[in-house]
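Scroll down for the structure; my scribbles are underneath it.
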């Protein structure tokens with residue numbers, strides 16, 4: 001179904017540019033004060049099924065508030081490292097099957113539990129169309145950064161992430177900021193916006209480190225504001241289909257310009273992720 005403008009009222013601020021990386025602050029006119037859920041909750045655990053499945057994990061929330069898992073989050077350990085392919089909101093006292101993809105091709109053994117270390121996958125991996133595409137994306141990442149014996153994105157990114165993250169370590173969210181638009185090599189690449197400044201603050205470090213990894217080695221060209229605004233304007237016409245996502249609803253869709261993942265709860269978009277389908281890092 002098509003959603004009326006996603007109920008968003010987004011405004012871009014002035015970007016900060018570091019080499020080929022441009023970070024635009026995003027302000028959501030529909031932001032809320034009391035969000036009613038947690039992002040990094042110790043009450044949320046992630047584990048394998050009793051008979052492990054490559055493209056699915058189980059998330060369980062023993063807390064008293066819903067807990068959010070973001071699309072693109074790296075889930076480490078288990079039988080292999082995974083990346084969440086959908087944003088879900090797990091209700092208090094509930095469990096949910098979480099769709100994932102493997103980002104470690106040559107291991108299928110180990111622990112039953114996954115670790116949430118608060119890390120995010122690079123855009124090329126998040127934009128993968130299927131499991132084979134995800135594995136190819138990890139190998140491309142290895143070629144750019146570091147080799148892993150098990151073709152593990154987690155291992156290949158550790159050292160590179162620390163170095164790239166130093167370029168954005170001094171950046172902090174502005175007052176009332178709820179999201180970022182990331183530009184790389186002169187073009188918008190990724191939008192992530194939330195319903196609360198608090199959620200952005202919790203996701204900030206991992207989001208910026210991942211963006212800096214994407215921009216490593218990119219042409220030192222700033223992304224113009226006009227291109228960033230044009231990308232935002234192209235999001236509203238994207239047709240979206242709905243499906244359950246824990247206690248929330250997932251709205252997902254794609255056009256020639258963007259791929260969208262939206263989590264709606266209590267009548268409002270809680271988390272919106274949009275990847276520029278035409279960016280070289282998403283389409284490579």
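GNM on the chain, alpha-carbon springs under 10 angstrom: the most fluctuating residue among 229, 119, 47 is 229. Here the convex hull built on the C-alpha positions of the chain has a volume of 115 cubic angstrom per residue.
Would you compute, from DSSP H runs of 4+ residues alone, the mean residue ellipticity of the chain at 222 nm, taking -39500 (n - 2.57) per run and dividing by the full residue count, rounded to the nearest 500?
Only helices count here, giving -6500 deg cm²/dmol.
Put simply, the stretch 198-257 fits an ellipsoid with semi-axes of 26, 20, 11 Å; these come from the alpha carbon gyration tensor as the roots of five times its eigenvalues, largest first. Taking other C-beta atoms within 10 angstrom as a stand-in for reagent exposure, 48, 71 fall in the order 48, 71, fewest first. Each residue in 233, 214 was given a count of other beta-carbon atoms within 10 angstrom of its own, and listing them fewest first yields 233, 214. In whole percents, the pair-distance distribution calculated for the stretch 77-220 from its alpha-carbon pairs, binned every 10 Å from zero, is 10, 38, 37, 14, 1. Shape annotation for the stretch 1-143: C-alpha extents along the principal axes are 46, 43, 32 Å, from largest to smallest.
Our note on the geometry: Cα centres of the stretch 186-255 and the stretch 141-169, 21 Å apart.
Computed from the coordinates by the stated procedures, all read-outs in this text should not be read as laboratory data. Being a predicted model, the structure only gives us computed values, none of them experimental. Please note: Cβ atoms are built from the backbone with ideal geometry, for glycine as well, and neighbour counts cover all protein chains shown.
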